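Data block below; observations after.
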Amino acid sequence: MGIIAWIIIGLLAGVIAKALMPGKDPGGIIITMLIGIAGGLLGGWLGKVIFGVDSIDGFFEISTWIAAIVGSMILLALYRLVTGNRRTHRHA
């Protein structure tokens, strides 16, 4: 698949992951999209390494979408762990 297909899958996977894991995130829509793109790549890589399957068969293959969504959910959870406890305190 080409890079444009990965970007599209990643964007949609990020939106789906956000819908499956609702909550308040420190980032906005741009961060969600970036997490989705990176999550798609992570999911494809994990599917190949852990299960030994080529989860990047094609744009319309269910395995590609599942891998991208799972990868996006993993990265979204990690992002929430890292940034969730940060609070900005201003002292006057």
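Points to keep in mind about this one:
- Coupling constants for the range 66-72 follow from the phi torsions by the Karplus curve (6.51 cos²θ - 1.76 cosθ + 1.60, θ = phi - 60°), and in residue order they are 4, 4, 5, 5, 4, x, 5 Hz; glycine and proline get x.
- Label-to-label distance for K48 and I29 is 3.2 nm, based on points extended 7 Å past Cα in the beta-carbon direction.
Rule-based calculations on the coordinates, nothing more; no lab input. The structure displayed is predicted, hence computed values, not measured ones. Please note: Cβ atoms are built from the backbone with ideal geometry, for glycine as well, and neighbour counts cover all protein chains shown.
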